Amino acid sequence: MLERARELSLLSSVRPVSPGSGAALRLLAAATGARAVVEIGTGAGVSGICLLRGMRADGILTTVDVQPGLQRQAREAFAAAGFAPSRARLIPGPALEVLPRLADGQYDLVFCDGDPAETTGYLAESLRLLRPGGTVCFEGALGVRTAAVRELMRQVREHPDLIPALLPVGDGLLAAVRR
């Protein structure tokens, strides 16, 4: 699966999460006892598989991406990894148009690996979607430090309802638990 994702990254700007980031996502999904997870940026399905492996056996991953072709590849990857089709709900479209249609306070974990310029919008939606005790994660927090990423880190650090940590895995995983 990781090799297929690497092949896709050569053809597009999609990069799979690193093994370290994937392991951290699996751990966080397991630690929260996740039944309902939202993923922004389906990619080739690598991060989705990591999340599914950490989630409860009855959990459902909702994954959003603007590229339906990648979502088809991810669906195949999920099946190849042994997950039933009912375990993943793939929704095509821009995340900031799709997320408002999801139910408030019903998710255990939100993983954001979409457009870095939209991260503060993802944070606002994540806070609405997460139940108390839920976790939000952002991939790439130690990678290219754009103004948007710096602003995201400031907002997460200063938000009174979040307990943040910057995990030094992959390109950096910014994680925060909602009080």
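The values are calculated or read from the model by the stated rules, or taken from the named source; none is laboratory data. Every value quoted in this text rests on a predicted model; they were computed, and no experiment measured them. Counting neighbours? That spans all protein chains shown, and the Cβs are built from the backbone with ideal geometry, glycine included.
Residues of region 87-112 that are farther than 20 Å from A30 by Cβ, part of a helix (DSSP H, G or I) and in contact (Cβ under 8 Å) with a residue 12 or more places away in the chain: A95, L96, V98, L99, P100.
Looking at region 37-54, which of its residues are in contact (Cβ under 8 Å) with a residue 40 or more places away in the chain and surrounded by fewer than 24 Cβ atoms within 10 Å (Cβ to Cβ)?
Scanning region 37-54 gives a single hit, G41.
Scanning region 66-86 for residues that are acidic (D, E) and modelled with pLDDT under 95 gives no hits. Against the numbered list (1) at pLDDT 95 or above; (2) surrounded by fewer than 18 Cβ atoms within 10 Å (Cβ to Cβ); (3) of a type in the set (A, V, I, L, M, F, W, C); (4) under 25 Å from V149 (Cα atoms), L10 comes up short only at (1). If you go through region 142-165 one residue at a time, do you hit one that is closer than 19 Å to T63 by Cβ and not in a strand (DSSP E or B)? No - not one qualifying residue is present in region 142-165. Return yes or no: is V136 in contact with a Pro (Cβ under 7 Å, 6 or more places away or on another chain) and of a type in the set (V, I, T)? Considered against the rule, which asks whether it is in contact with a Pro (Cβ under 7 Å, 6 or more places away or on another chain) and of a type in the set (V, I, T), V136 comes out as no. Sort out which residues of region 91-122 are surrounded by 17 or more Cβ atoms within 10 Å (Cβ to Cβ), under 13 Å from the mean Cα position of the chain (by Cα) and not small (G, A, S), and write them in order of number. Residues satisfying the conditions are L99, Y107, D108, L109, V110, F111, C112, D113, P116, T119, Y122. Inside region 68-82, residues that are touching a residue at least 24 places away in the same chain (Cβ under 8 Å) and not in a helix (DSSP H, G or I) make up a count of 1.
Being under 18 Å from A34 (Cβ atoms), among the β-branched types (V, I, T) and modelled with pLDDT of 95 or more is a condition met by no residue of region 115-124.
Mind checking whether some residue in region 110-125 is over 23 Å from G172 (Cβ atoms) and not polar (S, T, N, Q)?
Initial filter on region 110-125 (over 23 Å from G172 (Cβ atoms)): none.
So far as region 110-125 goes, no, none of its residues is over 23 Å from G172 (Cβ atoms) and not polar (S, T, N, Q).
Looking only at region 77-84, decide whether some residue is crowded, with 22+ Cβ neighbours inside 10 Å and at positive phi. Checking region 77-84: not a single residue is crowded, with 22+ Cβ neighbours inside 10 Å and at positive phi. Among the residues of region 130-144, is there at least one that is surrounded by 15 or more Cβ atoms within 10 Å (Cβ to Cβ), without any contact (Cβ under 8 Å) to a residue 24 or more places away in the chain and of a type outside the set (S, T, Y)? No, region 130-144 contains no residue that is surrounded by 15 or more Cβ atoms within 10 Å (Cβ to Cβ), without any contact (Cβ under 8 Å) to a residue 24 or more places away in the chain and of a type outside the set (S, T, Y).
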